[in-house]
Amino acid sequence: MERFFKPIKLGRLELRNRFIMAPIKTAYGTPEGEVTQRHLNFYNKVSQGGVSLIILEPVSVLKNGKEHPKQLCIDNRECASELKKIVEVLHKNSVYACLNLNHAGRAANPKATGHPPKAPFEAFCPSSGQTAQKLTLEEIEEIIDAFGIATQRAVEAGFDAIEVQCGHGYLVSQFMRKDINKRADAYGKDPLLFAKRVLEGVISKAGEIPVFIRISGSEFVEGGITPRENQGLIALAEELGVKAIHVGFGNACETPPWYFGHMALPEEPQFKVLREIRGMTKLPLIAAGRMASKEKLEKIANENLSDLVAFGRPLIADPKLVNKLKNGEYDSIVYCGYCLQGCLFNVRTGLGLGCIVNPSIDKEEPPPPKKRLKCVVVGAGPAGIAAATTLAQRGHQVRLYEKEKEPGGQFRLAPLSPLKKQMTRPFNSLTKQLETSHVETIFGKEVTVELLKSEAPDVVIIATGSVPNVPYIEGLETQYWMTGIDFFTDKKPVKGERVLIIGAGMVGVEAAEMLSRNGKTVVATKRTDTIANDMEPITRNMLLKDLNSRSNVKLMPNTTVKRFTSQGVEVVSQGEEKLLEPFDTVILTAGMEPANTLYEELKKEIDNVEIVGDSKEPRSIYWATQEGYKVGVKY
């Protein structure tokens with residue numbers, strides 16, 4: 001670990017430590033490419049936490065290379081002036097600023113560009129469902145020139161370094177792939193020619209400013225880039241004077257889980273790739289991809305797998321991560337679970353980057369409260385914890401009641417899914433905050449209106465969560481049934497071999513996965529045509545791929561369970577009446593309902609009563625912590 005806190009030189013830059021921030025999409029920008037206050041809030045916070053250099057979010061050199069509508073560009077001087085606002089924030093906090101230059105190629109988003117994507121040759125991008133058109137020679141020249149012009153503008157904006165995206169399935173790497181670059185001209189005959197000309201243009205315009213490249217150590221897909229295919233690019237980088245190689249994994253089109261570092265992926269393949277890349281070059285290596293654990297950092301240091309480490313999402317969960325590592329404050333780190341729910345999912349929907357365990361990451365610091373209040377929070381799920389810790393951090397007196405014997409609410413169930421074991425990290429971090437935020441906690445206590453009135457609080461926050469929705473189905477009383485909560489908390493055992501799950505949303509399909517792995521025959525129904533549409537898309541795709549490969553699982557969208565009879569289960573599926581064989585166990589995962597009885601009673605008795613999280617409206621953990629934080633800064 002100590003080696004990462006020693007200075008290192010990258011060209012003319014001397015970094016005070018070996019920790020940098022990887023480029024993370026924020027979607028904070030306007031469609032016109034303007035930097036917003038959310039940008040400044042975000043970069044101000046992450047630049048105060050100990051990193052020595054921050055690589056800004058990916059910036060497109062041309063609008064036709066954008067991935068999402070709110071991506072920043074640098075295709076004109078006004079864009080450069082906007083980016084300078086972020087540079088000034090980083091420099092104010094004594095952190096170097098690096099600009100990541102990219103063109104998405106076949107991964108570009110027509111909704112952002114207004115045009116079909118372009119690639120070296122006609123090529124399909126599975127993650128977007130788009131087929132790119134072949135670039136003309138004139139268009140290739142325009143893009144090459146744009147990289148150089150972007151570099152010149154970055155220099156004028158005060159950036160300290162430039163990173164060229166040469167991997168992750170974007171345009172530079174697309175020229176390197178035989179299955180995408182089928183051109184008959186010089187760019188097809190020499191798959192490195194495009195990269196060479198781009199880097200020559202960037203380096204010539206950068207002057208003394210160091211240039212890095214980012215690569216995919218491996219794309220982990222048949223026909224994709226592997227360490228062997230990177231050899232030529234690395235040799236080219238050495239020849240042209242590139243100062244560091246930033247190694248990530250996967251690509252944006254075929255292997256998004258590897259590109260975005262999904263929690264369910266194994267770590268050993270990363271180490272294997274890093275060892276291979278390490279053996280190819282003496283240039284400094286920057287390792288990226290789920291690096292925020294003491295054990296992983298020590299392994300990288302002990303095996304000398306990289307010279308620097310890049311954190312992305314871990315700095316969203318805890319901007320003070322590096323300082324905490326330096327001071328040995330491991331227990332106080334708010335760890336990222338790599339769930340992609342608050343970050344990537346919000347970028348794709350246009351909401352903008354957030355975090356399930358750090359709702360304040362993009363917000364300005366609130367003014368101090370006018371007076372210290374006596375606050376009572378009821379419910380220690382994510383919303384209640386966020387409300388209680390925020391109020392306590394602001395100096396209020398906070399008492400938190402929870403009817404269960406431990407905190408966490410339904411968040412306790414998240415790590416039980418095989419794909420979500422890493423969620424123990426943010427769960428433990430969230431509950432740990434109760435211990436460090438001077439919140440008085442009382443567990444195993446059922447709260448009544450009379451109890452709360454006797455407390456005489458200035459404000460009460462109700463975060464009592466939600467309860468399972470139990471729909472009326474004729475004959476259900478004749479079945480052995482349970483709710484999804486009963487299943488995940490082991491309140492009832494699953495009987496027999498055949499299980500029917502009614503409600504194939506996130507909870508339903510995760511139950512199906514667990515049961516199928518245990519050898520049960522599972523049928524999961526959904527009234528609509530969208531299975532698990534409430535899940536983060538990458539997690540959903542991984543889970544559905546796994547379920548669809550299992551012969552003992554049947555997913556039935558557009559299916560309504562009508563009644564249970566002695567002959568079986570009558571359903572209407574895809575508009576046709578069907579009879580399913582009888583089941584031994586029925587699990588109801590047909591949504592949740594707010595547990596708001598206490599709130600409805602209390603608001604008649606006490607003036608300042610707030611309701612947050614699922615007790616207000618059952619939604620995701622992201623919205624629970626957002627609402628908890630929002631009410632916390634209100635007082």
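Those residues that are crowded, with 20+ Cβ neighbours inside 10 Å and either hydrophobic (A, V, I, L, M, F, W, C) or part of a loop (DSSP other than H, G, I, E, B) (or both), I need them from the range 619-632; list them, please.
Of everything in the range 619-632, those that are crowded, with 20+ Cβ neighbours inside 10 Å and either hydrophobic (A, V, I, L, M, F, W, C) or part of a loop (DSSP other than H, G, I, E, B) (or both) turn out to be Ile621, Trp623, Ala624, Val631.
Within the bounds of the range 315-337, is there any residue that is hydroxyl-bearing (Ser, Thr, Tyr), closer than 21 Å to Thr431 by Cβ and either assigned to a helix (DSSP H, G or I) or touching a Cys at 6+ places or on another chain (Cβ under 8 Å) (or both)?
yes
For the structure I just gave you, tell me whether Val572 is assigned to a strand (DSSP E or B), more than 27 Å from the chain's Cα centre (by Cα) and surrounded by 15 or more Cβ atoms within 10 Å (Cβ to Cβ).
no
Here are Ile277, Ile245: which of them is aliphatic (A, V, I, L, M), modelled with pLDDT of 95 or more and in a helix (DSSP H, G or I)? Lay out the reasoning, then the answer.
Values: Ile245 fails: in a helix (DSSP H, G or I).
Checking each option against the conditions leaves just Ile277.
Could you run through the range 446-460 and say how many residues are surrounded by 14 or more Cβ atoms within 10 Å (Cβ to Cβ) and in a loop (DSSP other than H, G, I, E, B)?
The total comes to 3.
Given the criteria under 17 Å from Phe159 (Cα atoms) and aliphatic (A, V, I, L, M), does Val221 qualify?
So Val221 fails the test.
Checking Lys420 against (1) modelled with pLDDT of 95 or more; (2) under 29 Å from Arg38 (Cβ atoms): exactly one of these is not met. Which one?
Every condition holds for Lys420 apart from (1).
Select from the range 359-378 the residues that are buried (at least 24 other Cβ atoms within 10 Å of the Cβ) and not aliphatic (A, V, I, L, M) and list them in ascending order.
Selection gives Pro359, Cys375.
Can you find a residue in the range 482-495 that is farther than 30 Å from Tyr338 by Cβ, assigned by TED's automatic domain parsing to the domain that holds Gln574, touching a residue at least 60 places away in the same chain (Cβ under 8 Å) and hydroxyl-bearing (Ser, Thr, Tyr)?
No, that holds for no residue.
For the range 398-432, what are the residues that are outside any helix (DSSP H, G or I) and either touching a Pro at 6+ places or on another chain (Cβ under 9 Å) or farther than 20 Å from Thr464 by Cα (or both)?
Across the range 398-432, the qualifying residues are Arg399, Leu400, Gly408, Ser417.
The values are calculated or read from the model by the stated rules, or taken from the named source; none is laboratory data. Predicted model, so just to flag it, every value in this text is computed and none were measured. Positions of Cβ are backbone-derived with ideal geometry, glycine not excepted, and every protein chain shown enters the neighbour counts.
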